[in-house]
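Read the structure below first, then the notes.
The values are calculated or read from the model by the stated rules, or taken from the named source; none is laboratory data. For clarity, every value in this text was computed on a predicted model and none was experimentally measured. Backbone-built Cβ (ideal geometry, glycine too); neighbour counts: all protein chains shown.
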């Protein structure tokens, strides 16, 4: 598969033009013009790059790439070491941030909804999703289900009723949507990260908040995307999960 074919396909499939993002989506570091081995992972850290080299990959596809807004521009230190390794081994780096959260089929949020068996009842387009369980359940039981599905113990901030049915969620660092989730009538809001003020917001809004891990809530999209590419094109795919407790 040619690099240009891969980049054009992904840019179109993920509809990158509709997003105002914090980093460039698409090809971030140019490598080999031919791609036959793709490694996917959440973040383009040094450990992922080293594993990609070990697997003889010529493309790395991630959710968290490089060149974020407001980060220092000089290519020095950790950034220099990472990019140097990519260039020395002729590896393409492709990053897709918000487009990989929001994709209707393979996105992180779509995959989380399937994982938790939620009927999607989201009232308007966007990254924040709203779903409904088939029947109300005790919040502790649903928390255990989320923890087991992500293989990560969820931090539960109490704020609502003992039984829950409507679940709102947004992967990654999206705790700021808790007010909108409560306005939509959600019993639980799930995202990746948590701050001190979220405890008070949950209590005062009357909604449970689950901090399920930034990394843990953003593994599914990029993995599914890689699997789809391997199914439809003549490429090998390896998903590499670099452990991250955050």
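Output the residue which, of all residues in segment 83-103 that are part of a helix (DSSP H, G or I) and over 25 Å from residue 224 (Cα atoms), is nearest to the chain's Cα centre (by Cα).
Ranking the candidates gives 83 first.
Scanning for something in the same structural domain as residue 36 (by TED's automatic domain parsing), closer than 22 Å to residue 222 by Cα and assigned to a helix (DSSP H, G or I), does segment 139-147 turn up at least one residue?
Scanning segment 139-147, I find no residue that is in the same structural domain as residue 36 (by TED's automatic domain parsing), closer than 22 Å to residue 222 by Cα and assigned to a helix (DSSP H, G or I), so the answer is no.
Here is a list of conditions, (1) out of contact with any helix residue (DSSP H, G or I) (no Cβ under 8 Å at 6 or more places or on another chain); (2) closer than 23 Å to residue 151 by Cα; (3) buried (at least 23 other Cβ atoms within 10 Å of the Cβ), and residue 108 meets all of them except one; can you say which number that is?
Tallying (1) out of contact with any helix residue (DSSP H, G or I) (no Cβ under 8 Å at 6 or more places or on another chain); (2) closer than 23 Å to residue 151 by Cα; (3) buried (at least 23 other Cβ atoms within 10 Å of the Cβ), residue 108 fails exactly one: (1).
So how many residues does segment 1-27 have that are out of contact with any helix residue (DSSP H, G or I) (no Cβ under 9 Å at 6 or more places or on another chain) and surrounded by 18 or more Cβ atoms within 10 Å (Cβ to Cβ)?
Qualifying residue count for the region: 1.
Is there a residue being assigned to a helix (DSSP H, G or I) and either under 22 Å from the mean Cα position of the chain (by Cα) or buried (at least 20 other Cβ atoms within 10 Å of the Cβ) (or both) anywhere in segment 163-173?
No; the residues of segment 163-173 include none that is assigned to a helix (DSSP H, G or I) and either under 22 Å from the mean Cα position of the chain (by Cα) or buried (at least 20 other Cβ atoms within 10 Å of the Cβ) (or both).
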